[in-house]
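For reference, the structure is listed below as structure tokens.
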Amino acid sequence: KGNIMNNTMNQYLSYESYFDGGLADYIGYSIVAWAIAFFTLGICTPWSICIMQSWKAKHTIINGHRLQFTGSAIGLFGHWIKWFFLTIITFGIYSFWLNIKMQQWITKNTHFVN
């Protein structure tokens, strides 16, 4: 049993983690995401966020496994409405949790492809 554990650990540690996205792609996706949010007056910002998260995940490899972002703009929009309402009724206090809630949602919707 010790050899199985050692082999598994060695195999796990032999994989590399890296990001293979390029600058041109990043600039292009950023411009598209910004334009979507800007020209819709922020209403489609969840779509912009999903576009960028999908691009980041698609180019991230962790321990030899590529990531995939499966979140949808509609799903995020529902959360945004809820978060906006909670921020209003708590006179802005809930806004301190928004960054954490967003990161939790992104993480929940990011998975390994292989």
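The values are calculated or read from the model by the stated rules, or taken from the named source; none is laboratory data. Computed from a predicted structure; not experimentally measured. Reconstructed Cβ throughout: ideal geometry from the backbone, glycine too, with neighbour counts over all protein chains shown. Please note that ligands, DNA and RNA were not included when accessible areas were found on the heavy atoms of the full protein model with its side chains. Shrake-Rupley method; radii C 1.70, N 1.55, O 1.52, S 1.80 Å.
What are the residue pairs meeting all of these: first residue in the stretch 11-33, first residue modelled with pLDDT of 95 or more, second residue assigned to a helix (DSSP H, G or I) and among the polar types (S, T, N, Q), Cβ atoms under 9 Å, and 6 or more apart or on different chains?
Short answer, once both residue conditions are applied: TYR29/SER54; VAL32/SER48; ALA33/THR45; ALA33/SER48.
Could you tell me whether any residue of the stretch 69-82 is in a helix (DSSP H, G or I), farther than 16 Å from TRP47 by Cα and open to solvent by 80 Å² or more (accessible area, probe 1.4 Å)?
The answer is yes, given that some residue of the stretch 69-82 is in a helix (DSSP H, G or I), farther than 16 Å from TRP47 by Cα and open to solvent by 80 Å² or more (accessible area, probe 1.4 Å).
Determine, yes or no, whether LEU98 is touching a Ser or Thr at 6+ places or on another chain (Cβ under 8 Å), in a helix (DSSP H, G or I) and under 14 Å from THR45 (Cβ atoms).
Yes.
For ARG66, only one of the following conditions fails: (1) in a strand (DSSP E or B); (2) open to solvent by 90 Å² or more (accessible area, probe 1.4 Å). What is its number?
(2)
Starting from the stretch 56-77, keep only residues that are of a type in the set (Val, Ile, Thr), then list their pairs with residues that are not in a loop (DSSP other than H, G, I, E, B) whose Cβ atoms are within a distance under 6 Å, requiring at least 6 positions of separation or different chains.
THR60/PHE19; THR60/LEU67; ILE61/TYR18
Given the structure, is TRP55 modelled with pLDDT of 95 or more, of a type outside the set (D, E, K, R) and either part of a helix (DSSP H, G or I) or over 14 Å from the mean Cα position of the chain (by Cα) (or both)?
Yes, satisfied.
Restricting the search to the stretch 83-105, which residues are out of contact with any His (no Cβ under 9 Å at 6 or more places or on another chain) and crowded, with 16+ Cβ neighbours inside 10 Å?
TRP83, THR87, TYR94
ILE61 fails exactly one of the following numbered conditions: (1) more than 12 Å from the chain's Cα centre (by Cα); (2) assigned to a helix (DSSP H, G or I); (3) not basic (Lys, Arg). What is the number of that condition?
Going through (1) more than 12 Å from the chain's Cα centre (by Cα); (2) assigned to a helix (DSSP H, G or I); (3) not basic (Lys, Arg) one by one, ILE61 breaks only (2).
Since CYS50 meets every condition but one in (1) open to solvent by 60 Å² or more (accessible area, probe 1.4 Å); (2) in a helix (DSSP H, G or I), which condition does it not meet?
For CYS50, the failing item is (1).
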